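K.L.:
The structure under discussion is supplied below as structure tokens; questions concerning it will follow.
The values are calculated or read from the model by the stated rules, or taken from the named source; none is laboratory data. In this text, all values refer to a predicted model and were calculated from it rather than measured experimentally. Note that each Cβ is placed from the backbone with ideal geometry, even for glycine, and that neighbours are counted across all protein chains shown. Heads up: the accessible areas ignore ligands, DNA and RNA and are worked out on the full protein's heavy atoms, side chains in. Shrake-Rupley method; radii C 1.70, N 1.55, O 1.52, S 1.80 Å.
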Amino acid sequence: MIPGEILVARLSGGATLVRFQEERRGRVSVLLGRNKVARIPPDRVLLATGVVAAEADRFESFCDGARDASGEIDLSEAWDVLADEQEESSLEELAGLYWPGSPGAPELTALLLCLERGTDYFVGGAGKKYRPRTRDDLASLLERRRREAENARDARELVKVMSEGRLPDPASRHQESLIEALKGYAVHGEELPRRQAARELVQASSPATRDLQRACFEMLVRSGVFAPDEPLELRRAGIRADFPPEALEEARSAAAALVPRGPGREDLTHLDAVTIDDEETTDRDDALSLEALEPGYRLGVHIADAGALAPRAGPVDREADRRMASLYLPERTIPMLPDALTRGAGSLDPGVERMAVSLLAELTDEGDVTGWRVTPSTVRSAEALSYEQVDALLESVGPRRPMVEGLYRLAEALRRKREEQGAVNLDQPEMIVRVREPGEIEVSVRDRSSPGNQMVAELMILCNSLIARFCAENGLPAVYRSQRRPDLSDLPDVSGFDERAAPVMRRNSIARRMQAARVSTEPMAHEGLGVSAYLQATSPLRRYPDLVVQRQVGRFLAGGEPAYGPEEVESLAQRAEVQLRELSRIEEGRRRYWLLKYLEGARMPPGGPDLFEAVVLDTGGRRTALLELVEFPFRVRAELPRAAAAGEIVTLRLQGVDLWRRVGLFVHVP
């Protein structure tokens, strides 16, 4: 090699035309273009052309000619001659086959660039030689190229039609797979493992967008793949609404074979029992009865015996275990058990005999429990009351009033005793959001401090605490809940606040000091409720841990061993804690979505948005403060003047709603 000679060298960008400068200490110095120098090992030099180009212009002219000629080379005939022999050939041998005669430096250079760039017909071998692909390999390669080209056309067509708000008809298999990728990306975003194909499609459709996941969702909505109000939370959590066929069949068979009366089941149908739920409740899983004694009362809390309807480890039970609880959304309910059980054989509807597990407790007027027992039973509810009907009965005269009044007085006594034990009662109002067909949104606020709500809540706390004692005293493994008493010694004085702000600030101050409840298989005090032991057992149609407790109690009462061992219950406790928290987040997310949509439609009229009063909860020393609306127990953020203080009531205007981000854009109105 002499200075200025044109070489073909393998650099980081592949085969490259360079000029030789010098060789020293085992390295070859070459010129790239006009000024750049690279030092490479000698074995990276693929071809010394023998052509000297001292001037840069001549070098560039040679390079252009070699590249142009390289692009016109077709090695199919040469490959056809050599394919069956499968022998490696040198560059010179291939050149002699392609150009009869004696090919020169330009031809060798062009052929080398073609081979190094990658050709369908030859692959690199050992010692700067090239091997022809086998006929089968070439056929596979060409078929793959054909599919890739076809898939690329399908992708371009998919982007085109989805941008127009429709789908291909019919869609190819590749387009169907791309639609699934888009759905996955709209749901999971950057957490989706195979997200690149979806990202490329969205970028092709919306090149200017910065939020690819949102643009993906909007593209799917325009084309009808997703509904505008698609519950992405459910898709993200992998929650399905339908039950497996085998679970539905088992539920139907259990409901059809229901025989409420039987050996070992106490007949309590003579009791005047009532259910108290929301007006629209269809899965009534608890009923109450009250008998006057001398002195005191006998309270009956009758829980639907879901354990007797859904055999352990059967299809229904496996599905209930997977779901862990019913999911109550504004637009729909996804039950834990099939309707044949929750709305049929398991629901304590008026006038029909149902299997139950009953707690019968004797209490004094002061709420002291003087005796109690648990028994499998048959009950017949006399009436289904709503919370509002209970509140009305306490203010009127009627045949049902004595019973309701007695239950309420008893509940008040129980509440006082719990508070004496340190219980903390927040009475947080509950926002009810319901979606009617076709898309009508209703929003209301339930006062949990109303007599009906407080009465039922108090009697369920008593039932759960006594069932917890029953399990603890009889060594039945169960999922207990405990909580330490919060330190409320430094609660801020709210007496000087507006009467609308004071209860909000008090609840907020207490809630911030409350510790999260602990879940364990060991019974410990639930100091937040003021009871010595506590578990949840009153909703076996709706919560799987309640169903497990009911099975434990039922098996023990029948004279058998516990249905579940300690390790099984421990495993359930850990899974339930995670899943129930996730279900709660989903329910809250959907409530927030539909409330914001309601505000956007009903509270942002064409003439201008409504104004909202809000209590300042915390400024945190920042201009963006946390507030709670006075009209709804709903928290928002907004920029406030620096003078705004916690507990103050300010006026906000709803400037806009971003349903994708689940936020309302509120601004302060001076």
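K.L.:
Just need log10 I(q)/I(0) for region 1-82 at q = 0.11, 0.26 Å⁻¹, Debye formula, equal scatterers on the alpha-carbon atoms, no solvent, rounded to two decimals.
P.N.:
These q points yield log10 I(q)/I(0) values of -0.33, -1.29.
K.L.:
Starting from the Cα-Cα distance between ALA602 and ARG131, subtract it from 0.36 nm times their residue separation and give me the gain in nm to one decimal.
P.N.:
162.2 nm
K.L.:
Moving on. Going highest first, how would you order 450-457, 209-216 by mean Cβ packing within 10 Å?
P.N.:
So the order, starting with the most tightly packed, is 450-457, 209-216.
K.L.:
Compute log10 of I(q)/I(0) for region 309-359 with the Debye formula, placing one identical point scatterer on every Cα and leaving out solvent, at q = 0.19, 0.27, 0.31 Å⁻¹, to two decimals.
P.N.:
-0.75, -1.10, -1.17
K.L.:
Here's another thing I want to ask about it. Using a basic spin-label model with each label point 7 Å from the Cα along Cα→Cβ, how many nm lie between ALA208 and VAL221?
P.N.:
1.9 nm
K.L.:
Now a separate question. Stokes-Einstein diffusion coefficient for region 179-310 at 10 °C in a medium of 1.306 mPa s, Rh from the Kirkwood formula over Cα pairs: what value in µm²/s?
P.N.:
79 µm²/s
K.L.:
Okay, next question. How big is the dipole moment of region 394-486 about its Cα centre under a simple scheme where the beta carbon of each Lys and Arg is +1, that of each Asp and Glu is -1, and everything else is neutral? Debye, nearest 20, please.
P.N.:
Computed charge dipole of region 394-486: roughly 380 debye.
K.L.:
Compare the peptides 119-126, 625-632 by average per-residue count of other Cβ atoms within 10 angstrom and give them in order, highest first.
P.N.:
Descending mean neighbour count gives 625-632, 119-126.
K.L.:
Kirkwood hydrodynamic radius (Cα pairs, Å) of region 65-110?
P.N.:
11.2 Å
K.L.:
May I ask you to derive the relative contact order of the chain, considering only C-alpha pairs under 8 Å and at least 6 residues apart, and to give it as an integer percent?
P.N.:
8 percent
K.L.:
With charges only on Cβ, +1 for K and R and -1 for D and E, what is the dipole size of region 1-47 about its Cα centre, in debye, rounded to 20?
P.N.:
Using only the charged Cβ atoms, the result is roughly 200 debye.
K.L.:
With the radius of gyration and the Kirkwood radius both derived from the Cα set of region 56-188, what is their ratio Rg to Rh?
P.N.:
Rounded to two decimals, Rg over Rh is 1.18.
K.L.:
Still on this structure, please answer the following. Need one word for region 380-499: rounded, prolate or oblate. Basis is the Cα gyration tensor (sqrt eigenvalues a ≥ b ≥ c); a/c below 1.5 gives rounded, then a/b vs b/c decides. Don't skip to the answer; put the middle values down first.
P.N.:
Details: a/c = 1.44, a/b = 1.13, b/c = 1.27.
Note, shape of region 380-499 comes out rounded.
K.L.:
Rounded to a whole number, what % of the accessible area of region 1-83 do carbon and sulfur atoms account for, probe 1.4 Å?
P.N.:
Taking all protein chains in place, region 1-83 shows 45 percent carbon and sulfur surface.
K.L.:
For region 333-404, what class follows from the C-alpha gyration tensor (a ≥ b ≥ c being the square roots of its eigenvalues): rounded when a/c is under 1.5, otherwise prolate if a/b is larger than b/c, else oblate?
P.N.:
Taking the square roots of the gyration eigenvalues as a ≥ b ≥ c, region 333-404 is oblate.
K.L.:
Hey, if you put +1 on the Cβ of every Lys and Arg and -1 on every Asp and Glu Cβ in the chain, which of SER12, THR619, ALA304 ends up farthest toward the positive end of that dipole?
P.N.:
Result: SER12.
K.L.:
Would you kindly work out the equivalent ellipsoid of region 607-666 from its C-alpha gyration tensor and give its semi-axes, the square roots of five times the eigenvalues, largest first in whole Å?
P.N.:
In descending order the semi-axes read 19, 13, 11 Å.
K.L.:
When only DSSP loop residues count, what GluC sites (Glu not before Pro) in region 202-307 have their Cβ near at most 10 other Cβ atoms within 10 Å?
P.N.:
For GluC sites (Glu not before Pro) across region 202-307 that sit outside H, G, I, E and B with at most 10 neighbouring Cβ atoms in 10 Å, the list reads GLU279, GLU280.
K.L.:
Expressed in nm to one decimal, what extension gain is obtained for the pair ILE649 and ALA457 from 0.36 nm per residue of sequence separation less their Cα-Cα distance?
P.N.:
66.0 nm
K.L.:
Rounded, prolate or oblate: which one fits region 168-215, using the alpha carbon gyration tensor with axes a ≥ b ≥ c (rounded when a/c is under 1.5, else prolate when a/b beats b/c, else oblate)?
P.N.:
Cα axes put region 168-215 in the oblate bin.
K.L.:
Just order 132-139, 480-487 by mean Cβ neighbour count inside 10 Å, highest at the front, would you?
P.N.:
Output ranking for 132-139, 480-487: 480-487, 132-139.
K.L.:
Grab the beta carbon distance between ASN474 and SER584, set R0 = 35 Å, and tell me the FRET efficiency rounded to 0.05.
P.N.:
Once rounded, the FRET efficiency stands at 0.70.
K.L.:
Pairs of alpha-carbon atoms within less than 8 angstrom and 6+ residues apart define the contacts here; what relative contact order does region 234-366 have, in percent?
P.N.:
33 percent
K.L.:
Say the dipole of the chain comes from +1 at the beta carbon of Lys and Arg and -1 at that of Asp and Glu; which of ALA237, SER465, ASN508 then lies farthest toward its positive end?
P.N.:
Highest projection toward the positive end goes to ASN508.
K.L.:
I want to make sure I understand the PRE zone here: with the label point 7 angstrom from the Cα of ALA517 toward its beta carbon, which residues in region 408-452 have backbone N atoms less than 15 Å away?
P.N.:
423-428
K.L.:
Projected area of the chain, taken from the Cα convex hull and averaged over every viewing direction, in nm²? Please report the intermediate quantities before stating the final value.
P.N.:
On the way: hull surface 189.8 nm².
Projected area, direction-averaged: 47.4 nm².
K.L.:
On to the next question. Roughly speaking, what is the stretch gain from ARG662 to ARG27, that is 0.36 nm per residue apart minus the C-alpha to C-alpha distance, in nm to one decimal?
P.N.:
Numbers: separation 635, 0.36 × 635 = 228.60 nm, distance 6.27 nm.
Length difference between fully extended and current span is 222.3 nm.
K.L.:
Add +1 for every Lys or Arg and -1 for every Asp or Glu among the other residues with Cβ under 10 Å from the Cβ of ASP321, and state the total.
P.N.:
+3
K.L.:
A follow-up question, please. Suppose a student asked you for the relative contact order of region 164-248, using Cα pairs under 8 Å spaced at least 6 residues apart; what percent would you report?
P.N.:
32 percent
K.L.:
Another question about this same structure. If you add up the charges near VAL569, with Lys and Arg at +1 and Asp and Glu at -1, over every other residue whose beta carbon is less than 14 angstrom from its beta carbon, what do you get?
P.N.:
-3
K.L.:
Convex hull over the alpha-carbon atoms of region 507-551: what's its volume per residue in Å³?
P.N.:
Expressed per residue, the convex hull around the Cα atoms of region 507-551 is 105 Å³.
K.L.:
Binning every alpha carbon pair distance of region 314-466 at 5 Å from zero, what are the percents per bin?
P.N.:
2, 7, 11, 14, 19, 19, 15, 9, 3, 1, 0
K.L.:
A further question follows. Which percent of Cα-Cα pairs in region 273-379 sits in each 5 Å bin, short to long?
P.N.:
2, 11, 19, 19, 17, 14, 9, 6, 3, 0
K.L.:
Anything in the chain that counts as a DSSP H helix reaching 30 Å or more along its axis (C-alpha) with Kyte-Doolittle mean of at least -1.0? List them, would you?
P.N.:
Values: long enough: 135-163 (42 Å, -1.11); 451-473 (33 Å, 0.73); 566-602 (53 Å, -0.87).
In the chain, the long hydrophobic H runs are 451-473, 566-602.
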